[in-house]
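Worksheet: one structure, shown below.
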Amino acid sequence: MTNYVALLRGINVGGSNVISMAALKECFADAGFGDVRTYIQSGNVVFASDASGSAELEVEIERMLRERFGADVLAVVRSGDEFAATVAAAPSDHGSAELLSDVLFLKRPLTAAEALTLVPELNEQVDSVSAGPDALYFSRTVVDSARSRIDRLRANRLSKRMTVRNWRTTLKLRDLLDGD
């Protein structure tokens, strides 16, 4: 079996799609996934499956959540190896003390190159964005974070085709995928 992570967009945010992590874990276990674990309340599920790939799992998980909870939730699924490659490809300063850093995990078939063309104009003195494997890396300086234009990104049509995790959560999920 292969370890995967499902990154669910919009779970328990702003009072919508409220799903307890216990119910989410039970849903995945009932569907036959193994070693199911959740991390924080924002829809991160680590699990094992013998499925042939992430795309197949995304369709299955979205259907499963719609049937079980009546929620249309975007699922971005990555294998442990895919997730590790995304972490390894991050810019060298990503997650440094000077930056607030996020990973924008893209819903396939959207590519990082295509996603970059959809990023709205950012504040070049504060914000930076770069492409990685099936993801974008977004950072803003800590000292000027109030001047960031990340809200333009969140309001953009790209936001419906991705889910965001901060760098600390991303690293924790990598560790969980590695069995830590």
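Below, the figures for the structure above:
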quantity: Where A6 falls short, out of the listed (1) at positive phi; (2) in a strand (DSSP E or B); calculated: (1)
quantity: Residue count for the range 62-113, restricted to those that are aliphatic (A, V, I, L, M), in a helix (DSSP H, G or I) and more than 13 Å from S130 (Cβ to Cβ); calculated: 6
quantity: Every residue from the range 121-141 that is surrounded by 15 or more Cβ atoms within 10 Å (Cβ to Cβ), without any contact (Cβ under 8 Å) to a residue 40 or more places away in the chain and not acidic (D, E); calculated: L122, N123, V126, S128, V129, S130, A131, L136, F138
quantity: Number of the exception - E56 against (1) within 16 Å of L106 (Cα to Cα); (2) in a helix (DSSP H, G or I); (3) open to solvent by less than 70 Å² (accessible area, probe 1.4 Å); calculated: (3)
quantity: Cβ pairs under 7 Å, 6+ apart, first in the range 4-30 and more than 18 Å from L173 (Cα to Cα) and open to solvent by 10 Å² or more (accessible area, probe 1.4 Å), second modelled with pLDDT of 95 or more and among the hydrophobic types (A, V, I, L, M, F, W, C); calculated: A29/V36
quantity: Options V76, V45: the member that is within 22 Å of N3 (Cα to Cα), in contact with a Lys or Arg (Cβ under 6 Å, 6 or more places away or on another chain) and modelled with pLDDT of 95 or more; calculated: V76
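The values are calculated or read from the model by the stated rules, or taken from the named source; none is laboratory data. Here the structure is a predicted model, which means the values were calculated and not measured. FYI the Cβ positions are ideal-geometry reconstructions off the backbone, even for glycines, and counts take in every protein chain you see. Each accessible area value is taken on the protein alone, full model and side chains, heavy atoms only, with ligands, DNA and RNA left out. Shrake-Rupley method; radii C 1.70, N 1.55, O 1.52, S 1.80 Å.
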